[in-house]
């Protein structure tokens, strides 16, 4: 398709990008001297080396050609990430049970097949297992349902 | 004799009821997760890490080691029965193991691989016991500059021996080193890359990174591929025939030797051992045509090599504090969380932990054979559970595990963030292992580097003036130069192609 959309070229860009981020946010850190290095010395050194490696990777990818990147499937990664974030937001505010229901629902949507009956059964089983293992068994200090247990 | 005293101490620690229980629990849990298709030991350990944090140090390391063996064992089971390797090292087992299963010899393949692994594990443990003390004594002579050079060698060798693109892998090491620096600078107390988030001032927690990078990313990739599997799996008799036994014994011996030797190398570990053993068997065999069609040697030797290497790869970690592969990096991370800085001091300062862990390795191996082989039917049932049930369940356990680390939802969010990062890495063909090695070694390496420069009054020549450091750096440079040579580049490419 496009020679810029190869795995190598994009990963080179990624390394340069991370390097820039490190340099930008590390600019206030003191460099110090080679004898008494400040907190900024090693990060800056690492960022610069990584960026030059990234540059070399980019050039090699353009000159020699590289494997094209596969078209990503957005559904699984997006849904899984949203599921985990919802879990994190609900867990302390509402308790394990609501967090679990939302996570399992969203994560099940990420797969190929979705059968409501199966997902509900999965939720019931996992809710019982988690309550028994984490709350009763390991005695973890978690709320099952805020205001109830 | 000293050695026997040490071993006696180790076994007395490992044979306590509590530690036996944790070893057993670790083996079972490791197998349970490891047997799930597409999930290798690294992901398994990453997911189960939080469970071990609330235990005392010895118990937690014993349980982790158990998880590791269980996971590799579970991985072999999946490879043989459904042809889905969870990690690079079991790719080899798939080649002939699955063919044996198709011929109805799955049971024999499983028991040969289990017994072979046990034998190799025993030999590996003996080797650790023999080499641990001399190596530790040597390591105690190391100064900061030497350590820094040793880590550089370890990182480069790990990259060269164990991954596809060298350049990308080295860049990943640097990225890992950078992530390792997040937090409060030890020397000055300055906040680095913490973005005023209080949770980050102690550094990015290791467990959420490992869980996100390996666990979550792996689940997502599996969801994309939507694994399909064969309907019924027949295990058949567990007993190998006389012919199979006769052929596998020498193969197991050869595999053990080769694996044990290769495991000690940085970056060596199980994968290299398994591949070399398979190649060796194919060369030695009178009828190489049988390989790939269910040759029993093709299962016995790589499985033994795999396990021997898994065992001996503990040597650099335990004696020098240098992890040689991703699993060892996870172990180092777990030790640091327990307040133990891996390195030569562990053996002298915490002999009960050191020898107890070694003894428990052997116990763990024995447990796997004795307990797991008869339970094969249960694991097979687990294989038939569809992925659409498993994926949400694994995600859920990861989330609760991450939360339980410090009772904070911030860790759960970190898992999500590193899951995304891990997915990007996977899509771009960047390997997670070098990143993890860099991450674990980053803070230590910076410390040693800064201390060495301070001692030498800012003269970088110190790295070239000390003989140990110079030797290590020359070796590192040689490795890098070798990689650039065209002929080796070609051979290496072929080797990794066979892998994929």
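Here, each number is a calculation from the coordinates, and none is a lab measurement. Please read these numbers as outputs of a predicted model, since none were measured by experiment. For neighbour counting, all protein chains shown are included, and Cβ atoms are generated from backbone atoms with ideal geometry for every residue, glycine included.
Brief remarks follow.
- Three-way shape call for the range A:74-137 based on the alpha-carbon gyration tensor, with the a/c threshold at 1.5: oblate
- Label separation (residue A:117 vs residue B:477): 7.1 nm, computed from points 7 Å beyond Cα along the C-beta direction.
- Of A:61, A:22, A:99, the one that fluctuates the most in a GNM where chain A has Cα springs shorter than 10 Å: A:22
- 0 to 90° range, to nearest 10: angle between helix B:269-284 axis and chain B longest Cα axis: 40 degrees
- Calculated [222 nm] ellipticity per residue, helices only, for chain A: -21500 deg cm²/dmol; basis is -39500 (n - 2.57) per DSSP H run with n ≥ 4, divided by all residues, nearest 500.
- Using the alpha carbons alone, the radius of gyration of the protein assembly as shown stands to its Kirkwood radius in an Rg to Rh ratio of 0.95.
- Highest mean packing first, where packing is the average number of other Cβ atoms within 10 Å per residue, the peptides B:381-388, A:84-91, B:305-312, B:169-176 line up as B:305-312, B:169-176, A:84-91, B:381-388.
- Inter-chain Cβ neighbour count for A:119-126, averaged per residue, equals 2 (cutoff 10 Å, partner chain atoms only).
- Given in Å, the Rg to one decimal and the Dmax to the nearest whole number for the Cα atoms of chain B are 21.9, 69.
- Residues in the range B:444-472 that a label on residue B:138 would reach, taking backbone N under 18 Å of a point 7 Å out along Cα→Cβ: B:466-472
- Cα centroid of the range B:315-356 to Cα centroid of the range B:51-81, whole Å: 16 Å
- Degrees, to the nearest 10: B:106-139 long Cα axis against longest axis of chain B: 20 degrees
- With both labels modelled 7 Å from their Cα along Cα-to-Cβ, the residue B:283 to residue B:4 distance reads 4.0 nm.
- For B:211, B:361, B:483, the sequence from fewest to most other C-beta atoms within 10 Å is B:483, B:361, B:211.
- In plain terms, the residue of B:204, B:249 with the fewest other Cβ atoms within 10 Å comes first and the most crowded comes last, giving B:249, B:204.
- In this structure, residue B:341 and residue B:199 have a Cβ-Cβ separation that, at R0 = 25 Å, corresponds to a calculated FRET efficiency of about 0.65.
- Quarter the surface of the alpha carbon convex hull of the range A:3-64 and you get the mean projected area, 4.3 square nanometres.
- Pairs of Cα atoms nearer than 8 Å and 6+ residues apart set the relative contact order; for chain B it is 27 percent.
- Chain B: calculated mean residue ellipticity at 222 nm from DSSP helix runs of at least 4, using -39500 (n - 2.57): -24500 deg cm²/dmol
- Across peptide A:101-112, the average count of Cβ atoms from other chains found within 10 Å of a residue's Cβ is 5.
- Two-site FRET efficiency, residue A:78 against residue B:54, from Cβ-Cβ distance with R₀ of 35 Å, rounded to 0.05: 0.60
- Footprinting exposure proxy for B:281, B:303, B:133 (fewest neighbouring C-beta atoms within 10 Å first): B:133, B:281, B:303
- Shielding of B:74-81 by partner chains, average beta-carbon count, 10 Å: 0
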